[in-house]
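The values are calculated or read from the model by the stated rules, or taken from the named source; none is laboratory data. Being a predicted model, the structure only gives us computed values, none of them experimental. No Cβ is skipped: glycine too gets one built from the backbone with ideal geometry, and neighbour counts run over all protein chains shown. Ligands, DNA and RNA are stripped out before the accessible areas are found, and what is left, the full protein with its side chains, is counted by its heavy atoms. Shrake-Rupley method; radii C 1.70, N 1.55, O 1.52, S 1.80 Å.
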Amino acid sequence: MTTPTTPKKPRSLSFRTVAQLVALAIADAAISLWVGRQAYLWMPPQASAEAVLVDDLFGFLTTIGSFIFLGVTTALLYSVLFQRADKYDISDGPPVEGNLLVEILWTTIPLGLVIWIATYSYQIYDQMAILGPMEHMNHVPQLGLMPPAEAATLPAVPERTPIEVHVRQWAWEFRYPDQNIVSTELHLPVNERARLKLISEDVLHGFYVPAFRVKQDVIPGSTIDFGFMPIREGRYRLRDSDYSGTYFAANQGVVVVESEEAYQQWLADAAAQPLTEADNRAFREFTKLGDRPISAGWKTVEPAPPPRVNFASSEEDSYE
């Protein structure tokens, strides 16, 4: 005959345990903030105003993600090490079923967090305003790059004609309508909003400059107004971010951000040069295939002929 066991009274969290959890939460928050600041170092240089916004969002999301990851793993380790049940203790843990306060907390906190992330992300995207007319593009003063009072005293800068960006399989071509210049290198003046018209002549391509943190699909049959604000002089890589065929990895270019004086000098020098055939890696590699004695047997898209331009960049040129 077995003797019925008396159920133990469910345990509750002691003040000491609560204090330890609060201390761990504070440490978690401090470490997460540090990790979020380190996230800025994982990215390429901030070469545009949009990059500052995107990095702020990335740092914010990294901080939130770190807090959740460290909090969950720390809570698990803490429970395993310090909240283990005694030997032969088969009683239940602290009762949470029907605890209205706990249910409200674990419902409202995740909901509020999701709304917070969604709202902040939308505000960043709205401030970037990389598509379409930029009448509401007024985020530069908010970034601290230009105080409002100073901005109000600046003389009005005449709006430049947008630069046409033509992309095909597989070459980038930049046309400056006012100067009648064609180039395989995109030159932009610093601290002035760049306005581009993206045009695909065949299939879907992707205009992507990692240092600018901007990316835009270039859709065939559509002319896409695209804009951003370069804020750092230098040479940066332009990549085709969408798979557009065999040689899409070779479809790269160079974006040069320079002072207004250097930009005007480049326009004058390029306009004085005659049209010449640019070097094109995709076309060069495709041409070499014709010299191979063994053919794979399948058809491939023949690259477009190298563009004829006033100014051509070289793959030997450096970039950040």
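Details
- Divided by 2.2 N^0.38 Å, where N counts the residues, the Cα radius of gyration of the stretch 163-320 comes to 1.06.
- Note on Asp202 and Leu77: the extension gain reaches 39.4 nm, defined as 0.36 nm multiplied by sequence separation minus the Cα-Cα distance.
- Summarising the amide proton neighbourhood of Ile181: residues at separation of 5 or more, or on other chains, whose placed amide H is nearer than 5 Å comprise Tyr176.
- Amide H contacts under 5 Å for His187: Val256, restricted to partners 5 or more places along the chain or on a different chain, H placed in the peptide plane at 1.01 Å from N.
- Label-point separation in nm, Thr223 to Ala118, each point 7 Å along Cα→Cβ: 3.7 nm
- Loop-located trypsin sites (Lys or Arg not before Pro) in the stretch 220-264, at most 12 other Cβ atoms within 10 Å (DSSP): none
- Sorting Phe248, Phe67 by accessible area puts them as Phe67, Phe248; the probe is 1.4 Å, largest comes first, and only protein heavy atoms count.
- Antiparallel content of DSSP bridges confined to the stretch 159-201, in %, to 5: 60 percent
- Computed in the context of the full set of protein chains, the accessible area of the stretch 167-244 at 1.4 Å probe radius has 46% of its extent on carbon or sulfur.
- Taking a Cβ cut-off of under 14 Å around Tyr78, the surrounding Lys, Arg, Asp and Glu residues balance to a net charge of +1, with basic ones at +1 and acidic ones at -1.
- Averaging 1/r over every pair of different alpha carbons in the stretch 212-279 and inverting the result gives a Kirkwood radius of 14.9 Å.
- Residue-normalised accessible area of the stretch 20-95, expressed per residue, 1.4 Å probe, Å²: 64 Å²
- Rounded if a/c under 1.5, otherwise prolate or oblate - the stretch 246-287, Cα gyration tensor axes: oblate
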